[in-house]
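Reviewing the structure listed below.
The values are calculated or read from the model by the stated rules, or taken from the named source; none is laboratory data. Quick caveat: nothing in here was measured; it's all calculated off a predicted structure. Here the Cβ positions follow ideal geometry from the backbone for every residue, glycine too, while neighbour counts run over all protein chains shown.
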Amino acid sequence: MDRTERFYKIEKLLRQRKVASFAALQAELEVSPSTLKRDLDYLRTRLNAPIEWSRQAGGYRYAESAGLSDPAHELPGLWFSSSEIHALLTMQHLLAGLDTGGLLTPHVAPLMDRLNALLGSANNDAQEVRRRVRIIALANRPVRLGHFQTVGAALLQRKRLVLVYTAHGSGQTTEREVSPLRLVHYRENWYLDAWCHLRQGLRNFAVDAITEAHLLDTAAKEVSDAKLDALFGPSYGIFSGGRVQWARLHFTPERARWVASEQWHPQQQGKLQADGSYLLRIPYADHRELIMDILKHGTHCEVLGPASLRQAVGEEVEKMGMKYF
């Protein structure tokens with residue numbers, strides 16, 4: 001742990017135990033005696049922490065005259081790693097987005113309070129952290145809270161669902177009986193991986209496209225995680241199924257500086273070229289989402305293969321009245 005973390009841990013130990021010996025502090029912090037001595041000296045002389053050695057108590061403690069909120073004693077603000085701050089703010093964002101109707105407030109409020117306590121540090125409260133750090137959600141589609149609750153209940157109770165579902169792509173509405181297997185939050189939207197008893201196979205459903213959801217008393221069909229991962233895991237994006245192919249994409253040097261540091265897929269293979277361009281190979285089974293990501297790079301991305309993917313991208317470009325290489 002770094003120095004700031006040690007300061008907070010020392011303070012926590014002294015407040016919890018009232019008295020802590022030098023050996024106990026050293027064992028908890030896993031540092032050398034000289035490091036612990038420097039930390040204690042810095043807390044007392046530079047941060048005004050009222051820590052004293054008590055021969056009678058046999059350890060370090062906070063001076064009895066010091067209050068728990070002594071204004072002269074303030075630890076430096078604790079900061080988070082990029083993954084930690086993203087996780088905390090994203091959890092708040094998800095909770096706030098699901099509770100638009102206020103129905104979950106009694107259940108969500110205690111968790112929100114705990115997240116606020118984690119975000120707040122020193123003299124910076126959670127509101128200040130959120131004001132200074134933004135997580136911008138793009139292209140998220142609202143989910144009906146009642147449907148989300150029904151899907152969640154069926155998922156955990158291992159019961160089947162009857163869904164009335166309107167596909168985003170075709171606009172076709174169908175009624176499906178499904179066995180829910182897992183919920184996935186992907187690119188700001190919720191999806192349900194399920195066994196479809198109408199199609200007799202694994203399918204993926206956008207939760208916001210569910211117009212009706214009814215819980216059945218029938219036990220859900222179970223599918224192993226290995227089978228789910230085999231179907232939904234290897235290919236690119238949320239769409240899955242079919243034979244997995246490998247897309248070969250070539251990015252110009254201007255765009256390579258961005259793409260080389262991005263993760264498009266856990267199994268991707270990328271290589272910078274001598275001229276500064278970038279070659280990227282990624283697995284996919286359904287090209288719909290992949291094409292959208294390719295087109296956002298315009299002429300800075302060329303599809304080298306497979307031929308079917310290059311043709312599909314070319315047809316999309318022609319529809320927009322543009323030339324594609």
inquiry  = Suppose the filter is out of contact with any Leu (no Cβ under 9 Å at 6 or more places or on another chain) and among the β-branched types (Val, Ile, Thr); does Thr35 pass it?
reply    = no
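Yes/no per residue for (1) modelled with pLDDT of 90 or more; (2) surrounded by 12 or more Cβ atoms within 10 Å (Cβ to Cβ); (3) polar (S, T, N, Q):
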{"position": "Asn140", "(1), (2), (3)": "no, yes, yes"}
{"position": "Arg160", "(1), (2), (3)": "yes, yes, no"}
{"position": "Ser170", "(1), (2), (3)": "no, no, yes"}
{"position": "Ala194", "(1), (2), (3)": "yes, yes, no"}
remark   = In the stretch 146-189, anything more than 15 Å from Thr218 (Cβ to Cβ), outside any strand (DSSP E or B) and under 22 Å from the mean Cα position of the chain (by Cα) is listed as Phe148, Gln149, Val151, Gly152, Leu156, Arg187, Glu188
Residues satisfying the stated conditions in the stretch 190-220, i.e. touching a residue at least 60 places away in the same chain (Cβ under 8 Å) and not in a strand (DSSP E or B) = Val207, Asp208, Ala220
inquiry  = Restricting to the stretch 5-19, give me the number of residues that are part of a helix (DSSP H, G or I) and surrounded by 14 or more Cβ atoms within 10 Å (Cβ to Cβ).
reply    = 9
note = Per the filter on the stretch 264-296, residues loosely packed, with under 14 Cβ neighbours inside 10 Å and touching a residue at least 24 places away in the same chain (Cβ under 8 Å) are Arg288
inquiry  = Show me the strands (runs of 3 or more DSSP E) entirely contained within the stretch 266-325 in which 1 or more residues are among the aliphatic types (A, V, I, L, M) and in contact with a Lys or Arg (Cβ under 9 Å, 6 or more places away or on another chain).
reply    = 278-284, 301-305
Arg257 being at pLDDT 90 or above and surrounded by 12 or more Cβ atoms within 10 Å (Cβ to Cβ) = no
task = Could you check, for the stretch 222-230, whether at least one of its residues is closer than 29 Å to Leu161 by Cβ, assigned by TED's automatic domain parsing to the domain that holds Arg203 and surrounded by 14 or more Cβ atoms within 10 Å (Cβ to Cβ)?
result = yes
